[in-house]
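Single-structure report; data block below.
The values are calculated or read from the model by the stated rules, or taken from the named source; none is laboratory data. Please read these numbers as outputs of a predicted model, since none were measured by experiment. Note that we place each Cβ from the backbone using ideal geometry, even for glycine, and neighbour counts take in every protein chain shown.
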Amino acid sequence: MSRELISSQRLEEKLCDYARRLAGKGLASGAGGNISACSDNTVWISGSGIALEDARPGVFSPIDLRSGKPLRSDIKPSCEIGAHLAIYRVRDDVRAVFHIHPPFATGLASAGVDFSTFTFEAVLDLGPVDLLPMLPPGSSELAERIGRSAAGHDVILLANHGAVVMGRTMRQAYLRCCILEETAIAFLVAHLVGGGSVGGIPADMIRELRRDYRATARRRIIEQEED
């Protein structure tokens, strides 16, 4: 498994930028949420008890992807490190994993509502979205279930917990986080105004949209490489 090597300083700077963006969007608050990026078989994950809005270089813990062992003893990794490692081990195309606590998406998912095909943006930019049952945060069972789900999904909703979002780049993971919550809000508004009669995009149209997606400008935007 090989991933692009960038300097640890640049990687941490980018992680800090996206951590603050996620917090600014209201997708994680307090000590909630954790983010990581993988470069050359080293996973850099936010430290335990770190508020994403306060992220700065030096609060990310480097972990060896193969062994799962910390490469520094002075920064305790997030308790969700097992889930992040499980994803990178089954998806060598993933270089960023953002675990967020989006209030609208989490609320709908916890109520068992599937809103993932409500907008064209969600269908095209998120792909199939999985929903896992309520499991203890940081548990080995949660990490194992997330790893299995990640083999076929880039976005995983966790009942009563939040969401795990993956990307080929940090930028793609971030944009997917935003689209996920925007879709949840749009669905809820339509449900409230429409009196509950809210439908998603038909399956045949979804197949057609996804078939043509690779040639669209939308894909180039969402998958644009970072500086």
Query - Positions within the stretch 171-207 being acidic (Asp, Glu) and without any contact (Cβ under 8 Å) to a residue 40 or more places away in the chain, in sequence order - result: Asp204
Requested in this report: May I ask you to list the residues in the stretch 61-83 that are charged (D, E, K, R), surrounded by 14 or more Cβ atoms within 10 Å (Cβ to Cβ) and over 16 Å from Phe98 (Cβ atoms)?
Outcome: Lys76
Query raised in the report: Of the numbered conditions (1) more than 11 Å from the chain's Cα centre (by Cα); (2) under 25 Å from His84 (Cα atoms), Arg210 satisfies every one except a single condition; which is it?
Result: (2)
Requested in this report: Count, please, the residues in the stretch 142-164 that happen to be more than 19 Å from Ser110 (Cα to Cα) and part of a helix (DSSP H, G or I).
Outcome: 4
Report summary line: Listed by first then second residue, the pairs whose first member lies in the stretch 80-94 and is hydroxyl-bearing (Ser, Thr, Tyr), whose partner is assigned to a loop (DSSP other than H, G, I, E, B) and modelled with pLDDT of 95 or more, with beta carbons under 9 Å and at least 6 positions apart or on separate chains, are Tyr88/Leu65; Tyr88/Val94; Tyr88/Arg95
Query raised in the report: Is it fair to say Ala186 is surrounded by fewer than 23 Cβ atoms within 10 Å (Cβ to Cβ), in a helix (DSSP H, G or I), over 15 Å from the mean Cα position of the chain (by Cα) and at pLDDT 95 or above?
Result: yes
